[in-house]
1. Using a Förster radius of 35 Å, what is the FRET efficiency between residue 186 and residue 7 based on their Cβ-Cβ separation? Nearest 0.05, please.
2. Taking every pair of alpha-carbon atoms in segment 166-206, what share in percent sits in each 10 Å bin, from 0 to the bin with the longest distance?
3. Which trypsin sites (Lys or Arg not before Pro) in segment 140-188 sit in a loop by DSSP (not H, G, I, E or B) and have at most 11 other Cβ atoms within 10 Å of their own Cβ?
4. Determine the per residue accessible area of segment 105-188 with all protein chains present and a 1.4 angstrom probe, expressed in square angstrom.
5. Diagonalise the Cα gyration tensor of segment 105-182 and give the resulting equivalent ellipsoid semi-axes, square root of 5 times each eigenvalue, largest first, whole Å.
Amino acid sequence: EDAPALLASAEQSSRRAHEAGGDRLESSAPPPLDDGYDALELEAGLRAALGGGAMALNGSPTPAGVLHYQTIHALSPRKVVGVEALLRWQHPQLGLVFPQSFLSKSDFTGLILAIGPWILRTAAVQVRQWQRRQRGLRLAVNLSPPELMKKTLPDEVRAGLEESGLPPRLLQLEVPEGHVVSDLPRSLDMLHRLKALGVSLVLDRF
């Protein structure tokens, strides 16, 4: 609404882009968490949500974690062909918090390794239910750099597929292009292991 607010938003976006490795665009909306908020308190709250099993689509009235689904459309024929699972955290005081806010202010590696399997498993179960009404609906899930470095990632993906009954060909894993390039030999080995499961792989932010 005014020049100072515009400049403040630009500085916040620039800082987030720099923290994410640079060479990228960041939006000023939604706004990040107030810098005065205690990062340790934020991390403790998220860990408590994980430990208490509160991250569920159909859990308590105000679940700590919830997945939103962004539809993927085909131009020909014009219809929804898939969905992308997106994580949000319903904080009791802050409201709906986006992952770039709460993960950037906490132990990113430890938390995302704990949240990642839950995202895949929960989204796969949900999409499997939707497939009863639309056969062939695909699921897209983002993988973070810490997950790609985890040796047990293929086993976790396989377990999520088996538990949900989602066909591997209908799962699309999106991997960050910057991480693949930064450690090509190790990344290629992991990508080959994932591809062997029968899933699709997509380079994100290419």
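The values are calculated or read from the model by the stated rules, or taken from the named source; none is laboratory data. These numbers come from a predicted model, not from an experiment. Cβ coordinates were reconstructed from backbone atoms using ideal geometry, including for glycine residues, and neighbour counts include every protein chain displayed. In case anyone asks, the SASA skips ligands and DNA or RNA and just uses the protein heavy atoms, side chains included. Shrake-Rupley method; radii C 1.70, N 1.55, O 1.52, S 1.80 Å.
1. The pair residue 186/residue 7 has a calculated efficiency of 0.30.
2. Cα pair-distance distribution for segment 166-206, in percent: 30, 54, 16, 0.
3. Loop-located and lightly packed - 151.
4. Accessible area per residue, segment 105-188: 49 Å².
5. Result for segment 105-182: semi-axes of 24, 13, 11 Å.
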